[in-house]
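For reference, the structure is listed below as structure tokens.
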Amino acid sequence: MSTLPIVRLGTVKETSRFQEHVRSLGLTIPCDSELFSGSNSPLSWPIAHGRIKIGNRIAVQPMEGWDGTPDGNPTEYTLRRWKRFGQSGAKLIWGGEATAVSHEGRANPHQLVIAEHTCEGLLGLRKALMEDHRRTTGSDDGLFIGLQLTHSGRYCRPNAHDRSEPRILYHHPLLDPRLGLPGDYPVLTDGEIGTIIEEFHRAAKMASELGFDFVDIKHCHGYLGHEFLSAHTREGKYGGSFENRTRFLREVVQGIRASSPGLQIGVRLSAFDSVPFRPDASRSANGKLGPGIPETHDSLVPYRWGFGVNAMRPTEFDLAETIQFLTLLEELDIRLVNITAGSPYYNPHIQRPALYPPSDGYQPPEDPLVGVAQQMKVTRQLKQLFPNLIVVGTAYSYLQDFLPHVAQASVREGWVDAVGLGRMVLAYPELLRDAAEGKTIEHKRICRTFSDCTTAPRKGLPSGCYPLDSYYKNTELAERLKSAKAKQ
């Protein structure tokens, strides 16, 4: 890992300088020097695959909301965010945000839930998004809206933001201690898993009836679907072999196809992972976190608690099973795949490259561009192997001012089918639409990855862009966040 000072991208003012900086790091990131507009912009190219028709190459990523009601309904904060999704001009809305299939499966006590009592609220979100999209772009042709269905598994916190209520598939030698789980903490039974699968079936049927075009069966970031893929040590029909570890997905898909045959299915996948990281205590001082270092794992090799991980060198990835998983998606006629990596809970520099860590994170152990390049490289490799899949890429926000140039080049060169934006949408939802339409980029609105959109939820506050969005910046919530950060 590099010990050289990290160059702040905000100080890099020209595309040529950015390209030189990328080369100096020994990285490969495609970047066009000139932005094209209108029909000449690759970001404006439509996608068509059978019944899936998407009007451009811009996608809104699913994020975890922290501003719903205690019973899982949206609030005015949620509604505003979905309206901004519509204003972004993106034609692919990958879930909008993670929506729990049950109260028990929520990652926080203000996450949305899909249930009979929330259907009207979810319908209102979808309608508001479509109305603002039409108002902004003139048409909702090619608008393809999904809902990410999730169960948070190991990271369930349904009743209080500071009280974990994990639902685990197996005992993890590194993650269990972080959650204070004793050796006899109960593991989900096969019967309980069956009930959760039925909750996914019910949720998907509701999503279809509400008019959503697809549902995402979430398999990323350490949540339940992702944990199934790493359940090598679990006994029984949901653990051990690859066939068993993918049984959850197959049974969820089978039920959805039976009850909602017209509904498309997508999967957001952590394509690779690593052992958990922690701050280096020897380099932490004056309240500042040290850089991330891997947890000690010498005694755990071969490593049996990961997916897309090299078992003998578990800080490195191995895509063998990832490729096997995408082959399974093709066999299941699932064409929508969103590639991400790692987990925000235990290796955020891999999952969400940033210069400034959230309150529970660590300083980046490497230039964040390394994480960006790594996700882009893997996504490109998987797209080349699976040309018939519609592949959405991730980890672009850290590129900041150069994001449009990289996004355009990535689509133009066939690295990816669509560019997905998460944090950037909170700060500047129209960024790629402005680029594709030849408008002046508003550089003061560009996300600088300050991570307040993560730190705020960690403190029990709504997730939003506190540094740049006046809707949050000039409120009592911002003062509470400032106070909470000062106490940490």
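The values are calculated or read from the model by the stated rules, or taken from the named source; none is laboratory data. Note that the coordinates shown come from a computational prediction; the quantities given were computed from them, not determined experimentally. Methodologically, a virtual Cβ is constructed for each residue, glycine included, from the backbone with ideal geometry; neighbour enumeration extends over all protein chains shown.
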Does residue 398 satisfy being aromatic (Phe, Trp, Tyr), in the same structural domain as residue 96 (by TED's automatic domain parsing), surrounded by fewer than 24 Cβ atoms within 10 Å (Cβ to Cβ) and farther than 30 Å from residue 48 by Cβ? yes
Residue 178 versus (1) out of contact with any helix residue (DSSP H, G or I) (no Cβ under 9 Å at 6 or more places or on another chain); (2) surrounded by 13 or more Cβ atoms within 10 Å (Cβ to Cβ); (3) outside any helix (DSSP H, G or I): which is the lone unmet condition? (3)
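Okay, residues lined up against (1) over 23 Å from residue 97 (Cα atoms); (2) free of Cβ contacts under 8 Å to residues at least 60 places away in the same chain; (3) in a loop (DSSP other than H, G, I, E, B); (4) in contact with a Ser or Thr (Cβ under 8 Å, 6 or more places away or on another chain):
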| residue | (1), (2), (3), (4) |
| --- | --- |
| 146 | no, no, no, no |
| 149 | no, no, no, yes |
| 160 | no, yes, yes, no |
| 164 | no, yes, yes, no |
| 171 | yes, no, yes, yes |
| 185 | yes, yes, yes, no |
| 199 | no, no, no, yes |
| 202 | no, no, no, no |
| 211 | no, no, yes, no |
Collect the residues in the range 108-127 that are closer than 15 Å to residue 146 by Cα and in a helix (DSSP H, G or I), keeping them in residue-number order. 119, 122, 123, 124, 125, 126, 127
Mind checking which pairs have a first residue in the range 229-251 that is of a type in the set (Asp, Glu) and a second that is in a loop (DSSP other than H, G, I, E, B), Cβ under 9 Å, 6 or more apart or different chains? 235/170
For the range 22-40, give me each residue that is free of Cβ contacts under 8 Å to residues at least 40 places away in the same chain and either closer than 19 Å to residue 447 by Cβ or outside any loop (DSSP other than H, G, I, E, B) (or both). 23, 24, 39, 40
Need at least 3 residues that are of a type outside the set (Asp, Glu), closer than 30 Å to residue 418 by Cβ and touching a helix residue (DSSP H, G or I) at 6+ places or on another chain (Cβ under 7 Å) per element, so show me which helices (runs of 4 or more DSSP H) inside the range 224-321 make the cut, counting only ones lying wholly within it. 224-229, 247-259
Mind listing whichever residues of the range 57-97 are in contact with a His (Cβ under 8 Å, 6 or more places away or on another chain), among the hydroxyl-bearing types (Ser, Thr, Tyr) and part of a helix (DSSP H, G or I)? none
In a loop (DSSP other than H, G, I, E, B), among the charged types (D, E, K, R) and either assigned by TED's automatic domain parsing to the domain that holds residue 442 or touching a His at 6+ places or on another chain (Cβ under 8 Å) (or both): does that describe residue 132? no
Of everything in the range 192-245, what is closer than 21 Å to residue 337 by Cβ, of a type in the set (Ser, Thr, Tyr) and either buried (at least 21 other Cβ atoms within 10 Å of the Cβ) or not assigned by TED's automatic domain parsing to the domain that holds residue 91 (or both)? Give them in sequence order. 223, 230
Of the numbered conditions (1) of a type in the set (A, V, I, L, M, F, W, C); (2) surrounded by fewer than 23 Cβ atoms within 10 Å (Cβ to Cβ); (3) over 25 Å from residue 250 (Cα atoms); (4) touching a helix residue (DSSP H, G or I) at 6+ places or on another chain (Cβ under 9 Å), residue 376 fails exactly one; give the number of that condition. (2)
Would you check if residue 43 is in contact with a strand residue (DSSP E or B) (Cβ under 8 Å, 6 or more places away or on another chain) and either under 22 Å from residue 375 (Cα atoms) or in a loop (DSSP other than H, G, I, E, B) (or both)? yes
Given the criterion crowded, with 24+ Cβ neighbours inside 10 Å and within 15 Å of residue 56 (Cβ to Cβ), identify the matching residue among 463, 410. 410
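Yes/no matrix, rows are residues, columns are (1) within 22 Å of residue 153 (Cβ to Cβ); (2) more than 22 Å from the chain's Cα centre (by Cα); (3) assigned by TED's automatic domain parsing to the domain that holds residue 216:
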{"position": "286", "(1), (2), (3)": "no, yes, yes"}
{"position": "308", "(1), (2), (3)": "yes, no, yes"}
{"position": "337", "(1), (2), (3)": "yes, no, yes"}
{"position": "368", "(1), (2), (3)": "no, no, yes"}
Got a sec? Which helices (runs of 4 or more DSSP H) wholly within the range 375-488 have at least 1 residues that are β-branched (Val, Ile, Thr) and at pLDDT 95 or above? 403-412, 423-427
Report whether or not residue 343 is assigned by TED's automatic domain parsing to the domain that holds residue 95 and within 20 Å of residue 232 (Cα to Cα). yes
Being within 16 Å of residue 271 (Cα to Cα), crowded, with 21+ Cβ neighbours inside 10 Å and assigned by TED's automatic domain parsing to the domain that holds residue 352 narrows it down to one residue among 391, 425; which is it? 391
